[in-house]
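I have placed the structure first, in the form of C-alpha cells, so that the comments after it can refer back to it.
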Amino acid sequence: MPVLATTKVNQSNTTVQLRINIWHKKIELIKEGQVLKTFKVAPGAIDTPSPVGIYRIVSKEQGWGKGFGSCWLGLNVPWGQYGIHGTNKPELIGKYVSHGCFRMRNRDIEELYELVPVGTEVIIEGPITGHKDVTYRVLVRGSRGTLVQLVQNRLQAAGLYNGTCNGVFNRNTELAVIKYQKQNQLPVTKQIHYKDLLHMGIIE
C-alpha cells in the first residue's frame, strides 16, 4: 500500500478539536467551543462497530488509495487500527458501512486534513456498543472494543484486574471476570453477558 506522505509527531497542545457523533453520522471541527465545519461520515457497520471515547490523531498520511481515499488521519485506539479517511464509494457516506473507521468524501477529508495537526483531540460520541441498533454484546475471550475496555475499567476499580485497559478481552481479563462472577454470585461463564453488564452498571 503506497504512502506518499506521512506525518507522525507528538503535538498534544492543539487549538482545534474534532467531535464525531455516531448517532448523527457527522464530524465537527471545533475551535474554542465554536463549530467551524461539519461533515457527514460513514461509521462502522453492525458487526464492525466504531470505537467510542476520547482519542487523538497520531498520524497523518496521504496516498493510500483504493478504499481509503486520498487522506488518512490515524487514531490512537488501543485495540486496533482506526482512523478517519476518504473513500472510493461516496454514495455510502451517511450509512453504517465501515469496518470501524470513519469514512468521508475525499474532498471533505482533504479539507479536514489541512486543518487538523497530529495531536488533535477526537471525541467520539455514540452507543457503547458502537452501533445504534445494538444494546449489548456478549463478550468472550478475543473480543475487542469499547465495551471490553469499560468492563476492564470496572474490574480494575474492583481490584480484580491489574492489566492494561486496552479493550482486548485476553486471558487476564477472563481470569478477572471469573473472580468477579464468583464474588457476586453470578453464573461463572468466563464471559460477559447482559446480566453481568447490568450488575457492573455499564448498561441499565
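The values are calculated or read from the model by the stated rules, or taken from the named source; none is laboratory data. It should be emphasised that the depicted structure is a prediction, and the values quoted were computed from it without experimental measurement. Methodologically, a virtual Cβ is constructed for each residue, glycine included, from the backbone with ideal geometry; neighbour enumeration extends over all protein chains shown.
In segment 27-64, of all residues being hydroxyl-bearing (Ser, Thr, Tyr) and part of a strand (DSSP E or B), the one that is farthest from ILE128 (Cα to Cα) corresponds to SER59.
Could you list, in sequence order, all residues of segment 187-202 that are assigned to a loop (DSSP other than H, G, I, E, B) and surrounded by 15 or more Cβ atoms within 10 Å (Cβ to Cβ)? Even if it seems obvious, please write down each step before you answer.
Initial filter on segment 187-202 (assigned to a loop (DSSP other than H, G, I, E, B)): 187-191, 193, 201-202.
Correct list: GLN191, HIS193, ILE202.
So that you can scan it fast, the table gives a plain yes or no per residue for (1) modelled with pLDDT under 95; (2) in contact with a Ser or Thr (Cβ under 7 Å, 6 or more places away or on another chain):
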{"residue": "MET1", "(1), (2)": "yes, no"}
{"residue": "LYS8", "(1), (2)": "yes, yes"}
{"residue": "SER12", "(1), (2)": "yes, no"}
{"residue": "ILE22", "(1), (2)": "no, yes"}
{"residue": "ILE30", "(1), (2)": "no, no"}
{"residue": "VAL41", "(1), (2)": "no, no"}
{"residue": "GLY53", "(1), (2)": "no, yes"}
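Tallying residues that are at positive phi and crowded, with 16+ Cβ neighbours inside 10 Å within segment 47-64 yields 1. Take TRP72 and decide whether it is aromatic (Phe, Trp, Tyr), modelled with pLDDT of 95 or more and in contact with a His (Cβ under 6 Å, 6 or more places away or on another chain). For TRP72, the condition - aromatic (Phe, Trp, Tyr), modelled with pLDDT of 95 or more and in contact with a His (Cβ under 6 Å, 6 or more places away or on another chain) - is met.
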